[in-house]
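Taking it in order: structure first as structure tokens, then the write-up.
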2 protein chains.
Amino acid sequence: MSSTLPTPPFLAAARGETPSRTPMWVMRQAGRYLPEYREIRAGVDFLGLTPTPELAAEVTLQPVRRFGMDAAILFADIMTPLEGMGIEVEFQGGPVLPDPIRTAADVARVTPLDPETGVPFLLETVRRCVAELPHEVPLIGFAGAPFTLLCYLIEGRGTKDFVQARAFVRSEPEAARDLLDRLADGMAVYLEAQARAGARALMIFDSWIGLLDAPLFRALERPAIERIVAHLRPLGVPLIYFPNQGRHLYGEVAGLDIDVMGVDWRTPLSTADAESGHRYTLQGNLDPSALFAPDEELDAAVDRVLAEGRALTRGHIFNLGHGIDRRTDPEKVARAVERVHAAPVRDTQPMGAH
Amino acid sequence: MSSTLPTPPFLAAARGETPSRTPMWVMRQAGRYLPEYREIRAGVDFLGLTPTPELAAEVTLQPVRRFGMDAAILFADIMTPLEGMGIEVEFQGGPVLPDPIRTAADVARVTPLDPETGVPFLLETVRRCVAELPHEVPLIGFAGAPFTLLCYLIEGRGTKDFVQARAFVRSEPEAARDLLDRLADGMAVYLEAQARAGARALMIFDSWIGLLDAPLFRALERPAIERIVAHLRPLGVPLIYFPNQGRHLYGEVAGLDIDVMGVDWRTPLSTADAESGHRYTLQGNLDPSALFAPDEELDAAVDRVLAEGRALTRGHIFNLGHGIDRRTDPEKVARAVERVHAAPVRDTQPMGAH
């Protein structure tokens, strides 16, 4: 039966097929800029929301209902699975580790993840979302990339440039490799479990990878990403890797066996396409601050991204180039979605003579 | 008399001449990683240090004495001159504005700077430094770039990605241009005053410019930088512009009438050279986290930057790719300086047949 249904636009674009319309979703689309999200958060804090499948599923679905997004993304934090790997995580505005990793010996505290016992609530959230989502709107499962998780594990909280974490990978390269392997293995089974529970695409967020130069990326993070990708490839779901602020790394990313690369707002999609070898569907990259511009300028900014997207070699998934800001007016998002969906997927071909 | 003295290595490199050795200094070299700095700070907080010329000059000179740096950089904060432009600034770990700019009308609160009355203490610090520095070690005067200052003026404090500031420049483009012009004019006379007091090079720090995409940089910041540069050019001192995290902007920077471009640690100097049109001496770009590596790896990292530097078209000033971290061991800095100074300035030419 399902073979008679058309391929959802998001999945078509991710696979390099021509979608019926340019698919769009927005990073952090389930969030505080939505009144209906704030309503739920009034009754429960962030810490209580993720482990409550009924509520986590509800906020995951909200932006799909309101805007007609072409994908839902699971509501969770990149640190969520670490609690099932022996790491205590608190949330105080952002994730805070009472007992960060500071020495090579500390690395052994990071233990393998068993998703069924480590994150059962999250798999239940996936099942609830999938049961409610229409066929044409896939759920994206996600995880943090090993280096990005390492940054938090070592610093103990978000910082401006994670110098301590970068110092650790330089002063303790063997321990760093061990830690990245443990994180890669944990995220591999975590993502696999999300796919088996019904997620139809998987995304790896490398929020802080832009802090590494190319040689360190090649030596440390690329093998860790390859390890995750090799584990997930047999599942047959599209894989998305987002090397945030990774303009200087696209040439290194080019070798990865992924389907989609996320692009932040700093680099034109055409440049990212060329530097990553024209191999991937690209996902991005409207500057989130464009949603604060007057309508006319917002439209122009959306059109610029759409035009870049149409010229891509493999395909385009429209998104922001970074998570949406909590002060964003939802009406601006609605306007952008409408414009993206109304736009032609491909440039009109010049008419032939016959 | 001074014509018989050799050109200081820093100035030679900045002007595209061959220096007697590769000049080196370190961003934030006067700072908390130095015990002698912490000793002074034990008696006075940051807020009290900048307006006290005797102490500010002392900490400016400390790294020159300890390491034999090839340049001193004035101890001050990029927000310091704004207090002479009608803006109240407090320091709580970093700069905090009790009354940030939030509307177009607020922009009028930013008034012209008269350095003699607005920052007299700072000009006195410059004079004291210059009186004590040997001929071969120039003092670098500096200022924040207009967009970077705008970020703080609008957000009121440092944030991760200054979305509110970027939203302002998009929603109030005219007011943003007005604000950038006021800041450019203020920084132009501020830098000029530093040069007239004895600073022998001037540097513009654009710490947050990496947040702008190329079209916004072209429309907003480049004209503001050009305005400053046009004002300073007749002074005849080398001008340095540091577009931090600006890899995607080097092509736009290429048109500026500056002498030196600062490069952060993410981009190889060779790439920065090519993308900025081989026009500038480059300053950078050892990853500050390399100073936490074991000696052997630190040496290798220094050598990689030196090798890139020797291959540059115009010249190289060795520096970190970002400010030095306060947890850095000064012995590592000493080791790096020694290695840089011992290295050949140019690759040895193959011997001819005669």
For this session: Sort out for me the Cα centre separation of the range A:126-201 from the range A:106-121, rounded to whole Å.
Result: 12 Å
For this session: Once the label point is placed 7 Å from Cα along Cβ, list for B:Thr7 the distances to the corresponding points in the other copies, in nm, shortest first.
Result: 6.1
Seminar exercise, completed: Exposure proxy check on B:Thr60, A:Thr103, A:Thr271: fewest-to-most Cβ neighbours within 10 Å is A:Thr103, A:Thr271, B:Thr60
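Just want to confirm a number: the relative contact order over the range A:143-187, from Cα pairs under 8 angstrom separated by 6+ residues, in percent.
Relative CO of the range A:143-187 lands at 50 percent.
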Problem set entry | As computed over the range B:2-341, the Cα convex hull volume per residue (Å³) | 119 Å³
Problem set entry | Degrees separating the helix B:222-232 axis from the principal Cα axis of chain B, which is the longest one | 70 degrees
Seminar exercise, completed: Normalised Cα Rg of the range A:48-163, dividing by 2.2 N^0.38 Å with N its residue count, works out at 1.18
Exercise. Which distances, shortest first and in nm, link A:Ala274 to the matching position in the other copies, using label points set 7 Å out along Cα to C-beta?
Worked result: 1.1
Problem set entry | Per-residue HN-Hα couplings for the range B:114-120 [Karplus 6.51, -1.76, 1.60; θ = phi - 60°; Hz; x = Gly/Pro] | 10, x, 5, 9, x, 9, x
Problem set entry | Reachable aspartates and glutamates, given that their alpha-carbon falls under 14 Å from the alpha-carbon of A:Lys160 and they are not under 8 places away in the same chain | B:Asp161, B:Asp325
For this session: Could you check what % of the DSSP bridge pairs in chain A are antiparallel, to the nearest 5?
Result: 10 percent
Exercise. Along each of its three principal axes, how wide is the spread of alpha-carbon positions in the protein assembly as shown, in whole angstrom units, largest first?
Worked result: 93, 63, 56
Seminar exercise, completed: With x for Gly and Pro, the residue-by-residue ³J(HN,Hα) of the range A:133-143, computed from phi through the Karplus equation 6.51 cos²θ - 1.76 cosθ + 1.60 at θ = phi - 60° and given in whole Hz, is 6, x, 3, 7, 10, x, 8, 9, x, 8, 8
Seminar exercise, completed: Residues whose built amide H sits under 5 Å from the amide H of A:Gly144, excluding neighbours closer than 5 in sequence, are A:Phe205
For this session: Place a label point 7 angstrom from the Cα of A:Arg177 along the Cα-to-Cβ direction, then list the residues of the range A:230-250 whose backbone nitrogen is under 20 Å away.
Result: A:230-231
Problem set entry | Distance between the range B:14-77 and the range A:287-324 - C-alpha centres, whole angstrom | 44 Å
For this session: Search the structure for amide H atoms under 5 Å from the amide H of A:Ile317, placed 1.01 Å from N in the peptide plane, and list their residues when 5 or more places away or on another chain.
Result: A:Leu282, A:Gln283, A:Gly284
Exercise. Among the residues of chain B, which one places its Cβ closest to the rotation axis that maps chain B onto chain A, and what is that distance in whole Å?
Worked result: B:Arg247, 3
For this session: Measure nothing fancy, just the Cα-based angle from helix B:330-342's long axis to the longest principal axis of chain B, in degrees from 0 to 90, nearest 10.
Result: 60 degrees
Exercise. Using θ = phi - 60° and the Karplus curve 6.51 cos²θ - 1.76 cosθ + 1.60, what whole-Hz ³J(HN,Hα) does each residue of the range A:277-287 get, with Gly and Pro shown as x?
Worked result: x, 6, 9, 10, 5, 9, 10, x, 8, 5, 4
Problem set entry | For the range B:2-341: relative contact order, % (alpha-carbon pairs under 8 angstrom, 6 or more apart) | 20 percent
Exercise. How do A:Met79, A:Met69 rank when sorted from fewest to most other Cβ atoms within 10 Å of their own Cβ?
Worked result: A:Met79, A:Met69
Seminar exercise, completed: Sorting from shortest, the nanometre distances separating the label point of A:Ala307 (7 Å past Cα along the line to Cβ) from those of the same residue in the other copies are 4.3
Seminar exercise, completed: Residues whose built amide H sits under 5 Å from the amide H of B:Arg157, excluding neighbours closer than 5 in sequence, are B:Leu97
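A short reminder: the numbers here are calculations on the coordinates, not readings from a lab. Fair warning: this is a prediction, and the values are worked out from it, not measured in the lab. Quick reminder, even Gly has a Cβ in these numbers, built from the backbone with ideal geometry, and neighbours come from all protein chains shown.
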